[in-house]
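The values are calculated or read from the model by the stated rules, or taken from the named source; none is laboratory data. Predicted model only: the values in this text are computed from it and were never measured. Cβ sites come from the backbone with ideal geometry, for glycine too, and all protein chains shown count toward neighbours.
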């Protein structure tokens, strides 16, 4: 492959499409077997920027803005199950056949539901600091969900001159040990996304559906044995939002699970430690064209 072609293949391009009437934004890079990257709650698809460029040499890597987050229009119901259905409609719109699914945080829960909905269409699955792997969660998330603090944040942040910047900075500090490593593409896009109440409203509504006084309301551990595909669970050991031992619990319930714990990293693995995450993903994604699910799994 000559240098100009290699450079072109690794260029991240922004695209828009309509999914059943919903204007949807996504980023894409590379060619090959499709890998669909699903961001975390309230985050934009730029959180996968380094992963997109890293996979582009061997795969068609696509990162979606989930409905109501980033720049994709909202849909009436934003539960992980509904978002998983939307992900499959998005895949159909783009003509993606048997995409590997990689989900971070809320995106991990969405990826699990998508894999449960169509297990034979998912040759590989990766859960990165995933929601739904237990009840434990940072107490601040509980406070935001069950008290008026969440409503105050949604109302106040867009009205302060530096409100969105301060919010994104606090997210980066809480979610990573090395926020200075985060790519500038995410900073700019994320600040712009939270400058309007739309993303913040969707995020708060999602938090209140998922988090209550006792922590995460809808753990998915009991559903993991139903997943027939090879599944990677990757987690930062110093994750302050969801504890890393949930990764161990998830791995124990997976039929074909792999575990990768990354030291000195927090919750925002795709942003803070993209090289380490890529190193964990590549063996999982190495031979997707020949990957099969176990016999006897539901279609």
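Hey, which of the helices (runs of 4 or more DSSP H) in the stretch 1-119, taking only ones fully inside, have at least 2 residues that are free of Cβ contacts under 8 Å to residues at least 24 places away in the same chain and out of contact with any helix residue (DSSP H, G or I) (no Cβ under 7 Å at 6 or more places or on another chain)? So that I can check it myself, show each step before the final result.
Working: elements: 3-9, 49-55, 80-94, 106-117.
Output list reads 3-9, 80-94.
Name every residue in the stretch 165-185 that is in contact with a helix residue (DSSP H, G or I) (Cβ under 6 Å, 6 or more places away or on another chain), closer than 20 Å to residue 241 by Cβ and without any contact (Cβ under 8 Å) to a residue 40 or more places away in the chain, in order of residue number.
167, 168, 173 - these are the residues of the stretch 165-185 that are in contact with a helix residue (DSSP H, G or I) (Cβ under 6 Å, 6 or more places away or on another chain), closer than 20 Å to residue 241 by Cβ and without any contact (Cβ under 8 Å) to a residue 40 or more places away in the chain.
What pairs can you find where one residue is in the stretch 210-224 and closer than 12 Å to residue 139 by Cβ, the other is buried (at least 18 other Cβ atoms within 10 Å of the Cβ) and at pLDDT 95 or above, and their Cβ atoms are less than 9 Å apart, with a gap of 6+ or different chains?
Pairs that qualify, where the first residue is closer than 12 Å to residue 139 by Cβ and the partner is buried (at least 18 other Cβ atoms within 10 Å of the Cβ) and at pLDDT 95 or above, are 211/137; 215/134; 215/137.
Taking the options 190, 207, name whichever one is within 16 Å of the chain's Cα centre (by Cα) and surrounded by fewer than 21 Cβ atoms within 10 Å (Cβ to Cβ).
So the residue among 190, 207 that is within 16 Å of the chain's Cα centre (by Cα) and surrounded by fewer than 21 Cβ atoms within 10 Å (Cβ to Cβ) is 207.
With the condition being modelled with pLDDT of 95 or more, out of contact with any strand residue (DSSP E or B) (no Cβ under 8 Å at 6 or more places or on another chain) and over 19 Å from residue 35 (Cβ atoms), I'd like the helices (runs of 4 or more DSSP H) fully within the stretch 229-299 carrying at least 2 qualifying residues. If you could, list the steps in order and put the result at the bottom.
On the way: elements: 245-253, 269-272, 274-285.
Correct list: 245-253.
Which condition does residue 285 not pass, out of (1) over 20 Å from residue 106 (Cβ atoms); (2) without any contact (Cβ under 8 Å) to a residue 60 or more places away in the chain, if it passes all the others?
(2)
Test of understanding: among 152, 140, which residue is closer than 21 Å to residue 242 by Cβ, at pLDDT below 95 and in a helix (DSSP H, G or I)?
Working: 152 fails: closer than 21 Å to residue 242 by Cβ.
Testing whether each residue is closer than 21 Å to residue 242 by Cβ, at pLDDT below 95 and in a helix (DSSP H, G or I) leaves just 140.
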